[in-house]
Amino acid sequence: MKTSNRSAKILTAVQETALSLCRGILLLGIIYIIITPILSIVFDAFKDVEDMFNPLVFMIPNNFTLDNFDLAFIYMDYYSSLSASMILSVGAMLLQIMVCSLTGYGFARFKFYGREVLFGLVIISIVVPIQSYMIPLYTQFFDFRFLGFRANLLNTYVPVFLMSALGMGLRSGLFIYLFRQFFRGLPKEIEEAARIDGAGWFRTYARVMLPNAAPAILTVAVFSFVWQFNDTFFASMFMQRLSLIPVRLMTLGSYLAGSNILSVEAVTSVPLIVNAGIILTITPIMILYFGVQRFFLEGIERSGIVG
């Protein structure tokens, strides 16, 4: 009897070890697939041109250099592009937080005729791709008319700010859903206590619900900022002439290859300069993420699971 129990324990230990080994191999494979392209970009950004033609150099360069960053910094007009992108991203983020939190609160707490239909339209706005109505959207801002006012709003911040303020598009639909899920998970007793104290619905929302929704607000703020900062679709459609980080990065390679700025020998370093531009582009995003990582993960958990 003791022998059979001992054999069963040994078999169980072997099975657990084999399962752990398989899990570890699978995770290492996934990590390799995800991390390798990122490491390749980082190391290539520090490579010298000589390393590109050296068959002995796999990833880590033999000749570290910062010349690629200097050239990318100059040709991207980095300070100006970063300032413009920050203004656009922060403005859109604030508008979406205000509009989407109020809309999500309404869907979570108020019962009115057609609520489910309207929320279904919000879900549809998440599903329908923006490419399906990009042409009428472009013409709408190319020849904008409202109450006798007529203007061309292209190459300004207005299209993005206007869409954010009206809760339009995939991003706003997703943010409304996140706020709705979060507000549904908050206890109704805190609202009832506010009403007993004489607070109306808007004061309850502003003074009671919003302070308790800090994790959801932070989640939406990070999503909105990163989404807009990295956006190339609207930037290339509405703001081609503005100096924005995504637009500069998209045109960096073709600009360097097609211009006479670089010598014939230096043209081969264009991929290295582009990789340096990628590092310059993602650096503000990484700083933001590492600064709010703990609160961001908490907001994701509570917004996604509650309700």
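FYI, it's all coordinate maths here, none of it is from the lab. Everything numeric in this text was worked out from a predicted model, so none of it was measured. Glycine also receives a Cβ, built like all others from the backbone with ideal geometry; neighbour counts cover every protein chain displayed.
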Using a simple spin-label model with points 7 Å from Cα along the Cα→Cβ vector, what separation in nm is obtained for M59 and A214? 3.9
Apply the Karplus curve 6.51 cos²θ - 1.76 cosθ + 1.60, θ = phi - 60°, to the phi angles in segment 52-61 and return the couplings in whole Hz, x for Gly and Pro. 5, 9, 9, x, 7, 8, 8, 10, 6, x
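Given the peptides 247-253, 37-43, arrange them by the average over their residues of other C-beta atoms within 10 Å, most packed first. Could you put the intermediate results ahead of the total?
Details: 247-253: 18.7, 37-43: 13.3.
Ranked from most to least packed, the peptides come out as 247-253, 37-43.
Ratio to report: Rg/Rh of the chain, with Cα atoms as the point set and Rh obtained by the Kirkwood method; give two decimals. If you can, show how the numbers build up before the last one.
Working: Rg = 25.9 Å, Rh = 23.5 Å.
Reported Rg/Rh (Cα atoms, Kirkwood Rh): 1.10.
Normalising by the residue count of the chain, find the relative contact order in percent from Cα pairs under 8 Å and 6+ residues apart. Mind showing how you got there, number by number?
On the way: 302 pairs, mean separation 86.2, N = 307.
Normalised by residue count, the contact order of the chain is 28 percent.
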Euclidean distance between Cα centres, segment 69-127 to segment 188-231, Å: 15
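Placing +1 at every Lys and Arg Cβ and -1 at every Asp and Glu Cβ, with all other atoms neutral, what dipole size does the chain have around its Cα centre, in debye to the nearest 20?
On the way: 21 positive and 18 negative charges, 318 e Å.
I would put it at about 1520 debye.
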Find which of Y113, M286, F182 sits farthest along the positive direction of the dipole of segment 67-305, computed with +1 on the beta-carbon of Lys and Arg, -1 on that of Asp and Glu, about the Cα centre. Y113
How far apart, in nm, are two points set 7 Å out from the Cα along the Cα-to-Cβ line at L19 and at M134? 4.7
So for the pair D197, L166, with labels modelled 7 Å out along Cα→Cβ, what separation do we get in nm? 3.8
Determine, from the Cβ-Cβ distance of I124 and I30 and an R0 of 30 Å, the FRET efficiency 1/(1 + (r/R0)^6), rounded to the nearest 0.05. 0.35
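Going by average Cβ density within 10 Å per residue, which order do the peptides 278-290, 10-22 take, highest to lowest? Write out the running numbers ahead of the final one.
Numbers: 278-290: 15.2, 10-22: 10.0.
Packing proxy ranking, top to bottom: 278-290, 10-22.
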Return the long-range amide H neighbours of T156 (sequence gap of 5 or more, or a different chain), with a cut-off of under 5 Å between placed amide H atoms. none
